[in-house]
1. For Gln136, state whether it is assigned to a helix (DSSP H, G or I), modelled with pLDDT under 95 and surrounded by 11 or more Cβ atoms within 10 Å (Cβ to Cβ).
2. Does Pro77 satisfy the criteria of being free of Cβ contacts under 8 Å to residues at least 24 places away in the same chain and assigned to a loop (DSSP other than H, G, I, E, B)?
3. If you go through the stretch 157-174 one residue at a time, do you hit one that is at pLDDT 90 or above and surrounded by 11 or more Cβ atoms within 10 Å (Cβ to Cβ)?
4. Just one of the numbered conditions (1) at pLDDT 60 or above; (2) out of contact with any helix residue (DSSP H, G or I) (no Cβ under 8 Å at 6 or more places or on another chain); (3) more than 15 Å from Arg129 (Cα to Cα) is not true of Thr66; which one?
5. Does Glu59 satisfy being loosely packed, with under 11 Cβ neighbours inside 10 Å, among the charged types (D, E, K, R) and at pLDDT 90 or above?
Amino acid sequence: MKKMKKMIVAIFVITLVATSGLAMAQGWGRGAGMGPGYGPGATGYGPGGWAAALNLSPEQNQKMQTLRESHFKETIPLRNEIMSKRIEMQTLWAQTNPDQGKILAKQREINALTAQLQEKSTKHRLEMRQVLTPEQQAKIGASMGGPGGFGPGYGMRGGFGHGRGMGGGAGYCPRW
C-alpha cells in the first residue's frame, strides 16, 4: 500500500513538473515589449531619437517636453472615456445575444471620441514642429520621404513583444 502511494505521488510530481513549463510558455502575441510603435524611441522626439539626430538645443528639448506633458494631461479625460467605452463595448459583445443596434451606437461613440483624440494629437504634432528650426523641419521631411511627416519608431510603449496568446500582434502604442 505504501509503495502504491509513493508511486502515485511520484507520478503526480512528474506530471506537475512536466506541465509547469507549458503553463509558463506564453509565445508571441499582444503585450508590452520593444517593437514597432509610435512614440519616443529611435525615430521619436526624445533622448536618443530625433532629438539627437536633429541636435535639439536644451531649450527646444525643454519646450518639447513641456508640450508633451501638457498634451498628455489634456488628453487624459478623453483617453479614459475611450477606454471606458471600449469596456462597455466588450460587455455588449459578451452578452448571449448581442444587440446590433447598441453595439453600432457604442462603436459610433468610440469613433467620435477617437476622432477628437486624433485631432488633438495632430494639433500637438504641429505645435511640436513649431519648436524646430526650418533646417530641422526639412531634415525630418527628407528622412521620412515626404514633407515633414512623423513615422513609426521603435519605442518602449508597446509593439511586438512577448505577451499572452499566439500569433503576431502589435500592442497599443500612442504617438506622443
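The values are calculated or read from the model by the stated rules, or taken from the named source; none is laboratory data. Since the model is a prediction, treat every value here as computed from it, not as a measurement. Reconstructed Cβ throughout: ideal geometry from the backbone, glycine too, with neighbour counts over all protein chains shown.
1. On the way: assigned to a helix (DSSP H, G or I): yes; modelled with pLDDT under 95: yes; surrounded by 11 or more Cβ atoms within 10 Å (Cβ to Cβ): yes.
For Gln136, the condition - assigned to a helix (DSSP H, G or I), modelled with pLDDT under 95 and surrounded by 11 or more Cβ atoms within 10 Å (Cβ to Cβ) - is met.
2. Values: free of Cβ contacts under 8 Å to residues at least 24 places away in the same chain: yes; assigned to a loop (DSSP other than H, G, I, E, B): no.
The answer is no for Pro77.
3. Just the residues of the stretch 157-174 that are at pLDDT 90 or above, to begin with: none.
Checked the stretch 157-174: no residue is at pLDDT 90 or above and surrounded by 11 or more Cβ atoms within 10 Å (Cβ to Cβ).
4. In the conditions (1) at pLDDT 60 or above; (2) out of contact with any helix residue (DSSP H, G or I) (no Cβ under 8 Å at 6 or more places or on another chain); (3) more than 15 Å from Arg129 (Cα to Cα), Thr66 misses (3) alone.
5. Answer is yes for this residue.
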